[in-house]
Each structure stands twice: as C-alpha cells, then as structure tokens.
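*Asks:* Shown below is the structure under consideration.
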Amino acid sequence: MTKNPIAATAVSLLALGLAFGVTPAMAAKMDVTIGMQLEPPNLDPTGGAAAAIDEVVYANVFEGLTRFGSDGAILPALAESWEISDDGLVYTFKLHTGVKFHDGSDFNADDVKFSLDRARAEGSTNAQKALFADIASVDVVDPATVKVTLSKPNGSFLFNMAWGDAVIVAPETAADNAAKPVGTGPFTLTEWVKGDRVELGRYDGYWGTPVKLDKVTFKFISDPTAAFAAMMAGDLDAYPAFPAPENLVQFEADPRFKVITGSSEGETILAMNNKKPPLDNVKVREAIAHAIDRQAIIDGAMFGYGTPIGTHFAPHNPAYVDLTAQSAYDPEKSKALLAEAGVSDLTLSLKLPPPSYARRGGEIIAAQLREVGINTDITNVEWAQWLDDVFKAKNFDLTIVSHTEPMDIGIYARDDYYFQYGDPDFKAIMADLANATDPAKRTELMQAAQKKIADDYVNAYLFQLARAGVISAKLKGIWLNSPTQANDMTGVYWEE
Amino acid sequence: MSTPPADRSFLRMALGHPAFVLGFLLSALFIALALVSFLWTPFDPTKMDIAGKLKGPSLEHWFGTDHFGRDMFSMIMVGARVSIAVAFVAVGIGMIVGVPLGLYAAARRGSLIDEIIMRGNDLVFAFPSLLLAIMITAVFGPGAVNAIIAIGIFNVPVFARLARGAALSLWTRDFVLAARVAGKSRARISAEHILPNIANLLIVQGTIQFSLAILAEAALAYVGLGAQPPLPSWGRMLADAQTLISLAPHMALFPGFAIIVTVLGLNLMGDGLRDLFDPKLRRGR
C-alpha cells in the first residue's frame, strides 16, 4: 500500500465518501448560519443600545426573568412563576433551580439582585435605564426566591423584565461580557471573528429544554447584493431581516427558500422638527401628512412589504387604533392647509440615513411633496452623521427613520428628543399610563396617546416595517414576528 | 503650387478619418440628447408612477421604467445634460486655471515660482483623482456643484503640466526670441505666441479629459456624492439598479451603455483630433 500513495488516498477518500453517503443520520445538519446586516459592537446586552447585540445573544446566550415569545407574549424564563401583591407593588419571583452559567457557576437569587441593582445603579451603562426606574428594592428571600418592590405600580414591569437589557448576569463575569459573554442560555460564544461572524456553540449544561442545534453562526453581510448572492449560493441558511425587499420576489419563486413576513416593532416615520419654523405650525405638519401617499411608498420603496400606520404604534398590538384615515392622502387638502398657514415657496431639508426605506422612501416623499408645492433638499447621510447632525444637534427639517424599539410611544414625552414634541398633555397621558395597572385603563390611555400625537401631526406616520426574511425551506422554528430585536435560535431545527 | 485653404483641407482630412467621424457622431448624439432634453423629453423624468415600475423597454417607454416607474429614456436624456455639464465645466476649470499656471511656470523656468507651481501640481497629482474627489465632496457636501469643483481640481495639474512642457520647447524657438528682442513682455509672448501654438495639444487633451470627467462624475454619483435626487444622473441610475439587476436588467444596461458610448465617442474623437493635428501624420497622408 505504501508504495502507491495515490491509490491509498483514493481508497480512503472512497471510504470517507461511503461513510457519509450510507449513513444519512450523520449527514443531518446540526448547524445554522444566519445572515445579519450589522455587526454588534459588543456582546453585552446590558451595556449597549445596538439592536445587533440582542439579535445575537437574546435568548441564545442570555436570559432574563421573563422573556418574549414569538407572538410578543410575556413568558417565564429564569423565573418559573411569580406572584404580584394586591397593591401591585411587590413581585415575588420563584426561580428555576439547577441553572448554571456558562462558566459553571450556579445561578441563584443573588445574581438576580446583582443584575437588577447593577442596571439601575447610579452610573449604570444600561441603555434602557427607564425599564428599572420604578424598582425600589430587590431582596433575596432564599436562593430560589427573589422579591422586587416597586416604588409605584407599574403595569408593564414583567414586560420590562423581558427586554434584552434586563438579562441576568453573574457578578464574577459581568464586567467581561462585552467580549466574553457568560449567560445562562442554551448557547455559548465559541468564536468571534470581528468584521465577519460570531459563532455560538451548544451549552451542554443548559437547564431548560435542550436545543436541537450544535452550532449557530451569525454572519455579517450588510450589502444587499452580497446577501442575495450568499443566500442563493447556500452560504446562509436564513436572513431574518433581509435588507433588499426587491429580492424577496425572486426568493419566493425559488422552492429552496421560504419568505417569511411578519410584523416588526419598526414604526417608519417621516420625522419633523416640531420646533423649527414653519414646522412648528400644526397646519404645515398636517399639510405634509396629507401630501403623502403611504401605499405608493410601501410599493415603491418596500416592494409592497409593510403596513400603513396612522400613529406611532404597532398594528399588531391589541391597543392599536387605525388612524390612517385621519391623515389620508389628499393633495388638495394639503395645498389648502398650506395656503391657510400662509406658507408658500417652502423648501425643507430632508436627511436620509442609509436603509432603503429611507433612501428610496425619501425620493418618493420628495416627489409627493413637490406635487403640493413643497421643495425638499435631499441629503443622504451615514448613520454616524445622522446621529450627530439629526438626532443630537437637531439640525434638520425632515428625516425618515424606523423606530424599532417595542412600545416606544413614550419617546414623544421626552423634551429633548430629536423631533422636539414634548407636549405637556401628552406627558400627562404617559404619566397616567405608567401608574395604571388595570389592563382596560392601560388600553384606554395607550389609545389616547396614539390619538394625541395623530391629532397634533407630530410626525408623518408612514408604515410599519415588515420583518421580511428569507429562510431555507427546511429550516423550522424561526420567529416570524419580531416582538423584540432578537434571533431566538432555541427552537430552531432542520426538517429531515 | 496652389494649396487649398487650410480649414478646407482639415475638414476633408477629418472626414477621411473614420475613428474621428465615429467618435464625433457618438459624442454629438449625446450632446444633442442633452440639448433636446431642455426643450422636450418623452416623459417628465422626475414623475413617479409606482404602479408602472420596472417595466421593460416598450414602444411607450423606449428604455423601460425604473423602480419608481420613471421613464428611463427621459432620465438618460436629462442625465446626459448633467454629465456633460459637469464634465464641461470641470474641464473648463482645469484649463482656465491650469493653462495660465503652466504658461507662467514655463515663462519663469527654473525660478522658485516655477518650482512652487509644479511641486504643487505634483502634490495634487499624487492623490488618486477619485479619492480626492470623494474627499472634497465629503467635506463640502454632495451635489453637482461640488462634483464639478472636485473634478475640476484634479484637471488643473493635467493642463498645467501639458502647457508648461509644450511651452518650454517653444521658448527656445526663433520666433519667440524675435519677440523677446522686440521687447514684448513674457506675459504677452505667452498669450500671443505660445498659447496659439499649443492650442492643438490642449484641445486634444481637453477631449480626453472630458471623457475622464464624465466617468468621474458617474463614479461620484454612484457612491452618492454627485448630483442629488431628484436630478437624474447616470451614475446614480446604475447604483439604483444594483440590487435590482436580476429583476430588471434594463435598469443597469441603459445607463451603462450611455456612459460607455459617450466615453468611447469622446476618446475616439480625441485620438482622431491628435492624428489630425499632428503635422507628421498630416504630411504622411
């Protein structure tokens, strides 16, 4: 044999081929490669606002007391169950036992106390500190029970605890989570090649239902053309938030793929600078709202993927009110309103961040505004520039952006927020909402808030961003909707 | 021996030069399209019709429609106007600034000012031209005017070098010496004797630079730093087509062809002009 190395190689290759060929069970795929548009700056969900962090680690690496289900329902996670006192102030969480962090240490009530105290502490770097604002104290009753006392009733406390920013971390490893995340989830970080991919491997010591995958790779491909090619070539198994809606038509026609469309939390709006004349005049803002044909934008910019909205609220939320008719497309009314406001020869700046909903949507809106006599000065900006110039410096008239945080109507109560609304009546509604625990009362207040901003035409509400993604036809268990920024891989498996 | 007037002989020779004729016709076609677009386009190039988007070429829409349902042929026509205007003004800036600089440097050959001008040119030349243009538009903001300035700036050293090199060889010629003896100033000699004698070279180089400027404008627009919407631009049409190329290839083909044909036409014309102006080749015919 040694005299003929080529034959030897051929024989062993043949044997290898047979080994794979004759035992289909071995060939069953145990890994998944997910395409993502943006790379997370770090992997610590308690220390950064970037959606990409949660998109990698939420439910996969880190878990909180509660969690979001794919339909947006609040499910138990590390907390097995909970009791709420009659005054709505004390939440007693019964924790799962036998839970281990990836470094092998045990999870118990002390970790919960540590995590919540750390998030709400003075000088905390948590990006969503408001989630923890109502917590008065966190007390450890016993290793499997923790008592959270609120300073005032908060109907959305369990919802708040499901956010990626509220995950439970261990005191020993919390400081290093940015590069070496240690959580309680079913996957653990195995490799992070900066600029290319993050690889997660199965954590065998997981306490809950075992996951069906060995390995999950998140690959960062921002260019839509490259993403399309990678999907077509089979390099990616799924791209849950596909950046180019125009390609979805082609994926739909291909039996290898399935296009999943669900709703997202992304309210796409034409934001207006409410303090800058003439946009401080509600009539001018109303005129702009009536000048916009939402369906044309959805068809033209998003190739039909999207749901028109008339206020800053997700249509799949039970408390949503459809107010699209109030700001229906009506160019004549728009012109009349502009005349009434005494505005003519109006030229507004329109700053567009990179996503295609903004760049393409912006061109369509510019054309629609031109029809009613408003000229726009379009500037395409990169995200960093958008954050500096529009979000921080408020140096803009109009901009298009999708607000992807769940239930974020509260931003309208902020005085210094970039569109500069901060109406006192609206703030009062939000204050009432924060104190209300009765579901009927909460719904009523949420609807009042939606109507208030629609009546004031704070921004022009365009459409709810569809979560349109492509997955391999054989991949099952991927979230259809995105109740939060996440790619929950815990239930994903390959169909034989 | 009777010789026909110089211009008639030039015209006859030009017509006998097939590359020049082809180049001239192609360039003229796009210049004509650009001029006609001021008066008439089949459709309003900014008028969107979302329901009629991504239509292939038809009798109604000769080049089809884009992703917003705009008429591609009308956009190409207006895009020609933008491309040609940007290239024309940019090359104009290069000539108006570069040629006097080069002539001045030649007149003061070897002086400190000559060194400063030419090393300054080297500095601009050392930057990759497109990178320089991106830098300028990034600082001053995107737009057609800034694209013109950016492209104009990297045209300056091209003309300055050409003018200086050509002028230097003329300064040693007898007719220039005669003019100096007659007491003419260096500036007057440069303007009256040197410039007319290097005009041929400048025209040839100008034609080549014109085609390069059209390419540069398209490249800037492609990366979003050229003419801003709603003004159509060939480069941005290509960028828009990028993700749609498998769905609507006509969106990339037509602006792509427009750029290729215009640049090819200008290059052929430039080559032809060089042949026609070159006295050695002229004698050979």
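The values are calculated or read from the model by the stated rules, or taken from the named source; none is laboratory data. Predicted, not measured: the structure shown is a model, and the values here were computed from it. Ideal geometry is used to build each Cβ from the backbone, glycine not excepted, and the neighbour counts take in all protein chains shown. The accessibility values were calculated without ligands, DNA or RNA, using every heavy atom of the protein model including side chains. Shrake-Rupley method; radii C 1.70, N 1.55, O 1.52, S 1.80 Å.
*Asks:* Rounded, prolate or oblate: which fits the stretch A:359-496 when a ≥ b ≥ c are the square roots of the eigenvalues of the alpha-carbon gyration tensor, with rounded for a/c under 1.5 and prolate only if a/b beats b/c?
*Replies:* Details: a/c = 2.11, a/b = 1.18, b/c = 1.80.
It is oblate, given that a/c is not under 1.5 and a/b is not larger than b/c.
*Asks:* Here's a follow-up. What FRET efficiency would be calculated for the residue pair A:LYS180, A:ALA73, taking the C-beta separation as r and a Förster radius of 30 Å, to the nearest 0.05?
*Replies:* It comes to 0.40.
*Asks:* Please list A:LYS392, A:LYS351, B:LYS184 from largest to smallest accessible area, probe radius 1.4 Å, with all protein chains kept in place.
*Replies:* A:LYS392, B:LYS184, A:LYS351
*Asks:* With a 1.4 Å probe on protein heavy atoms only, tell me which residues of the stretch A:366-407 lose at least 30 Å² of accessible surface in the complex relative to the chain by itself.
*Replies:* Relative to the lone chain, where solvent access is computed with a 1.4 Å probe, the stretch A:366-407 loses at least 30 Å² at A:ARG370, A:ILE378, A:ASN380.
*Asks:* Can you check what the net charge comes to around A:PHE242, using other residues whose Cβ is under 14 Å from the Cβ of A:PHE242 (Lys, Arg +1; Asp, Glu -1)?
*Replies:* Values: positive: A:LYS219, A:LYS258, A:ARG467; negative: A:GLU55, A:ASP223, A:ASP237, A:GLU246, A:GLU252, A:ASP254.
Residues near A:PHE242 contribute -3 overall.
*Asks:* Find the accessible area per residue for the protein assembly as shown; the probe is 1.4 Å, ligands and nucleic acids are left out, and the unit is Å².
*Replies:* Values: 34100 Å² over 781 residues.
Counting only protein heavy atoms, the per-residue value for the protein assembly as shown is 44 Å².
*Asks:* How do A:TYR329, A:TYR412 rank by accessible surface area computed with a 1.4 Å probe, from largest to smallest?
*Replies:* On the way: A:TYR329 110, A:TYR412 0 Å².
I get A:TYR329, A:TYR412, largest accessible area first.
*Asks:* Using a basic spin-label model with each label point 7 Å from the Cα along Cα→Cβ, how many nm lie between A:LYS152 and A:ALA130?
*Replies:* So the two model labels end up 1.4 nm from each other.
*Asks:* OK, next. Taking a ≥ b ≥ c as the square roots of the eigenvalues of the Cα gyration tensor of chain B, is the shape rounded (a/c under 1.5), prolate (a/b larger than b/c) or oblate?
*Replies:* Here chain B falls in the oblate category.
*Asks:* Over 21 Å between Cα atoms: which of A:LYS29/A:LYS100; A:LYS94/A:LYS129; A:LYS29/A:LYS258; A:LYS194/A:LYS476 fall into that group?
*Replies:* A:LYS29/A:LYS100; A:LYS94/A:LYS129; A:LYS194/A:LYS476
*Asks:* For the pair A:ASP389 and B:SER246, how long in nm is the line joining their label points, each one 7 Å along Cα→Cβ?
*Replies:* 3.4 nm
*Asks:* Taking a probe of 1.4 angstrom, what is the accessible area of A:ASP293 in Å², to the nearest 10?
*Replies:* Roughly 40 Å² of A:ASP293 is accessible to a 1.4 Å probe.
*Asks:* If you rank A:VAL148, B:VAL261 by how much accessible surface each has, with a 1.4 Å probe, what is the order from largest down?
*Replies:* B:VAL261, A:VAL148
*Asks:* Would you kindly find the accessible area of B:MET13, with a 1.4 Å probe and non-protein molecules such as ligands, DNA and RNA excluded, rounding to the nearest 10 Å²?
*Replies:* Roll a 1.4 Å probe over it and B:MET13 shows about 40 Å².
*Asks:* Now for a separate question. Tally up the carbon and sulfur contribution to the accessible surface of the protein assembly as shown as a whole percent, 1.4 Å probe, everything protein left in place.
*Replies:* Values: 20670 of 34100 Å².
Carbon with sulfur: 61 percent of the solvent-accessible area.
*Asks:* In the stretch A:215-230, which residues give up 30 Å² or more of accessible area once the other protein chains are added, compared with their chain alone (1.4 Å probe)?
*Replies:* Residues shielded by partner chains are A:THR225.
*Asks:* With a ≥ b ≥ c taken as the square roots of the eigenvalues of the C-alpha gyration tensor of the protein assembly as shown, please select rounded if a/c is under 1.5 and otherwise prolate if a/b is larger than b/c or oblate if it is not?
*Replies:* Prolate.
*Asks:* Sticking with this one: What does the accessible area of B:PHE257 come to, in Å² to the nearest 10, when a probe of 1.4 Å is used?
*Replies:* 110 Å²
*Asks:* Pop out a list of residues from the stretch B:38-53 that are at least 40 Å² less accessible with all the protein chains around than in their chain alone; 1.4 Å probe, no ligands or nucleic acids counted.
*Replies:* B:MET48, B:ILE50, B:LYS53
*Asks:* Along the Cα→Cβ direction, 7 angstrom out, place labels at B:MET13 and B:PHE140. What is the inter-label distance in nm?
*Replies:* Spacing of the two 7 Å Cα→Cβ label points: 4.0 nm.
*Asks:* Still on this structure: Would you mind giving the total buried accessible surface between chains A and B, with a 1.4 Å probe and ligands, DNA and RNA left out, rounded to the nearest 100 Å²?
*Replies:* Chain pair A/B: roughly 1700 Å² of buried accessible area.
*Asks:* Within a Cβ distance under 9 Å of B:ALA107, other residues only, what is the Lys/Arg minus Asp/Glu net charge?
*Replies:* In short, +2.
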